[in-house]
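This report concerns only the one structure given below.
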Amino acid sequence: MYSIYMEVKPELTRTKSSTWHKEVRASFKKVVAFDLLFYGLGAITGAGIIGAILLS
C-alpha cells in the first residue's frame with residue numbers, strides 16, 4: 001500500500017520579521033491632532049479648488 005505524505009520545506013514555514021509587522025503605538029491626543037491637521041488641510045484645499053471653479 002502506498003503512503004501519501006507532504007514534504008514541508010523549512011524555508012517556507014519560517015516566518016521572517018519585517019518592518020511591516022510592527023505595531024505603532026500613539027496616544028489618543030496625538031492621533032486626534034494628526035487627524036485634525038489633515039482635515040484642516042483638506043478643507044483648505046477643497047475650498048481653493050471650489051473657489052477656482054466658481055471664479056473661472
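The values are calculated or read from the model by the stated rules, or taken from the named source; none is laboratory data. Because the structure is predicted, anything quoted here is derived from the model rather than measured. All Cβ positions, glycine included, derive from the backbone under ideal geometry; neighbour counts span all protein chains shown. Side chains are part of the model used for accessible areas, which takes the heavy atoms of the whole protein and leaves out ligands, DNA and RNA. Shrake-Rupley method; radii C 1.70, N 1.55, O 1.52, S 1.80 Å.
In sequence order, segment 21-37 has phi-based couplings of 9, 8, 9, 9, 10, 8, 6, 4, 4, 5, 5, 5, 4, 4, 4, 5, 4 Hz under the Karplus curve 6.51 cos²θ - 1.76 cosθ + 1.60, θ = phi - 60°, and Gly or Pro positions carry x. Between F38 and L55, the simple spin-label model (points 7 angstrom out along Cα→Cβ) gives 2.8 nm. Accessible area ranking (1.4 Å probe, heavy atoms, ligands and nucleic acids excluded), largest first, for L54, L41, L36: L54, L36, L41.
Ranked by the mean number of other Cβ atoms within 10 Å of their residues, highest first, the peptides 42-49, 25-32 fall in the order 42-49, 25-32.
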